[in-house]
Every structure is written in C-alpha cells, then in structure tokens.
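S.K.: First, the structure itself, so that you have it in front of you.
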Amino acid sequence: MNGMTDIEFGLDTFGGVTRDAGGDPVAHPQVIRDVVEQAVLADSVGLDFFGVGEHHRPDFAVSSPEMVLAAIASRTERIRLGSAVTVLSSDDPVRVFERFATLDAVSNGRAEIVAGRGSFIESFPLFGFDLRQYEELFEERLDLLSQLLKERPVTWQGSTRAPLENQRVFLARRVVCPPGWE
C-alpha cells in the first residue's frame with residue numbers, strides 16, 4: 001500500500017444488556033444470541049476481528065466469552081475471534097490456555113487471547129480472590145500464561161496458585177503425545 005501499513009478493523013462487545021421496543025431489558029440468552037449474529041454479520045462484511053468481553057454483572061450477558069466465541073466460530077469463516085478481555089487475575093492460566101487452545105481448534109486457528117485485569121472487580125469476590133492481591137494475582141498469572149505459551153513441559157512456582165512441576169498442557173490444535181502414547 002505505497003509505504004503505508006495495512007489497517008485492520010474489528011469490533012469488541014461486552015454483551016451489554018439492551019432494551020426492547022417496550023423499554024424492558026432484553027433477556028441474557030437473547031443478548032448472547034444477538035452477539036453471535038453481530039459477529040456473523042461482521043464476518044460477512046469483511047471485518048478482521050471480533051472480541052467478546054467477560055463480565056459477571058447483571059448489566060452484561062457474557063460471563064464465558066470462550067463459549068460465545070465457539071458458537072461464533074461455528075458460523076463464521078475467516079474473522080479472528082478473541083476475548084476483550086480475559087480477566088486473568090481471577091482465572092486459572094492453565095484453564096485459560098486450554099479453553100483458548102480448544103477455541104483455536106474449533107475456529108481453525110482464529111483464536112486470540114487478550115489478557116488483562118478487566119475494568120470491573122466483580123470477579124474477585126465471586127471467585128474468592130482478595131482484591132488486595134490485585135497486582136500480584138495479575139503479574140503471577142500473566143507469567144504462568146507466558147510460560148505455558150513457550151515451554152513444554154512447564155515448571156512454574158508463585159505464591160497465589162499451586163506450583164507446576166514438569167507438567168504437560170496439551171494443545172487441542174496440535175496433539176503432543178507423551179512418550180509411549182503414539
């Protein structure tokens with residue numbers, strides 16, 4: 001493009017609860033179905049990315065973005081799919097890694113993790129985390145997720161989660177078999 005960088009376009013949604021024509025809140029299941037339809041439309045008009053955020057509040061319908069993204073993957077062809085944001089501080093990095101590896105397999109390589117702290121704190125009491133450990137939780141979990149992305153097997157130790165000693169985490173997209181399992 002004549003020395004210019006390519007520009008990519010995408011959309012993010014938190015699955016915010018909207019109101020119907022009568023002014024009543026749209027039910028969460030319908031909001032989630034609407035998000036899937038929005039992503040299908042985004043794919044059909046050529047957008048590059050569709051992100052779904054995670055919240056655990058009554059004004060947002062999506063508490064499990066990976067499930068919604070898997071539904072989107074089954075109805076789209078090329079749009080990249082990701083979280084907007086995965087609240088890593090209150091989740092287990094091994095489970096995050098496994099869920100996104102599975103999404104990557106279902107979507108034929110289109111999954112992306114956007115890991116962050118989140119803009120709300122409702123997940124901390126919901127999942128039993130101490131808000132005073134806000135920074136420590138995020139830093140340790142990001143470190144472990146980083147190790148999972150590059151190291152096989154994984155050995156890791158922190159203070160907010162059980163350590164891992166020579167553990168294998170398997171990608172759904174690439175089957176990595178232990179010796180003797182071939």
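S.K.: Indicate, rounded to the nearest 5 percent, the antiparallel portion of the DSSP beta bridges found entirely in the chain.
M.R.: In the chain, approximately 25 percent of DSSP beta bridges are antiparallel ones.
S.K.: Could you please state, rounded to a whole Å, how far the C-alpha centre of segment 1-59 is from the C-alpha centre of segment 70-87?
M.R.: Each part's Cα centre sits 10 Å from the other's.
S.K.: Which of PHE100, PHE120, PHE50 moves the most in a Gaussian network model of the chain with Cα springs under 10 Å?
M.R.: So, out of PHE100, PHE120, PHE50, the one fluctuating most is PHE120.
S.K.: If you don't mind, there's one more thing I want to ask. Over the Cα atoms of segment 1-100, what is the Rg over Rh ratio if Rh follows Kirkwood?
M.R.: So for segment 1-100, dividing Rg by the Kirkwood Rh gives 1.03.
S.K.: Sort largest first and round to whole Å: the equivalent ellipsoid semi-axes of the chain, each the square root of five times a Cα gyration tensor eigenvalue. Mind showing how you got there, number by number?
M.R.: Details: eigenvalues 174, 108, 50 Å².
Three semi-axes, in Å: 30, 23, 16.
S.K.: Taking H placed 1.01 Å from N in the peptide plane, check which residues at least 5 places from PHE60 or on another chain put their amide H under 5 Å from its amide H.
M.R.: Long-range HN contacts for PHE60: VAL17.
S.K.: Which value, in debye to the nearest 20, gives the size of the charge dipole of the chain about its Cα centre, when Lys and Arg are +1 and Asp and Glu are -1 at the Cβ?
M.R.: Dipole size: approximately 400 debye.
S.K.: So for segment 10-167, averaging the separation of alpha carbon pairs under 8 Å that are six or more residues apart and normalising by length, what relative contact order in percent results?
M.R.: On the way: 251 pairs, mean separation 29.2, N = 158.
Relative CO of segment 10-167 lands at 19 percent.
S.K.: Right, next: Given H placed 1.01 Å from N in the peptide plane, which residues other than close sequence neighbours of ALA115 have an amide H under 5 Å from its amide H?
M.R.: THR86
S.K.: Of GLN133, HIS55, SER107, which is farthest towards the positive pole of the chain's charge dipole, taken about the Cα centre with +1 and -1 on the beta-carbons of Lys, Arg and Asp, Glu respectively?
M.R.: SER107
S.K.: OK, next. Spelling out what I want: for every residue of segment 19-24, take phi, set θ = phi - 60°, compute 6.51 cos²θ - 1.76 cosθ + 1.60 (Karplus), and round to whole Hz; glycine and proline get x.
M.R.: Those phi angles translate into 10, 7, 4, x, x, 8 Hz.
S.K.: Another question about this same structure. Tabulate in residue order the Karplus-calculated ³J(HN,Hα) for segment 59-64, using 6.51 cos²θ - 1.76 cosθ + 1.60 with θ = phi - 60°, rounded to whole Hz; enter x for Gly and Pro.
M.R.: Listing the rounded values in order: 8, 10, 8, 9, 9, 10 Hz.
S.K.: Can you list residues whose amide H is under 5 Å from GLY53's amide H, if they're 5+ apart or on another chain and H is modeled 1.01 Å from N?
M.R.: For GLY53, whose amide H was placed from the backbone, the distant partners under 5 Å are THR13, PHE14, GLY15, ALA84.
S.K.: OK, next. Tally the DSSP beta bridges in segment 1-92 and give the antiparallel ones as a percent, rounded to 5.
M.R.: Roughly 20 percent of the DSSP beta bridges within segment 1-92 come out antiparallel.
S.K.: How would THR86, THR18, THR5 line up from fewest to most surrounding beta-carbon atoms within 10 angstrom?
M.R.: THR5, THR18, THR86
S.K.: Using the charge dipole of segment 30-140 (Lys, Arg: +1 at Cβ; Asp, Glu: -1 at Cβ; taken about the Cα centre), state which of PHE120, VAL96, SER83 has its Cα farthest towards the positive end.
M.R.: Positive-most Cα among the choices belongs to SER83.
S.K.: Could you give the spread of the C-alpha atoms of segment 1-48 along their three principal axes, from largest to smallest, in whole angstroms?
M.R.: Here the spans come out as 51, 17, 16 Å, largest first.
None of the figures in this text is laboratory data; all of them are computed from the coordinates on show. Quick caveat: nothing in here was measured; it's all calculated off a predicted structure. Positions of Cβ are generated from backbone atoms using ideal geometry, with glycine treated the same way; all protein chains shown enter the neighbour counts.
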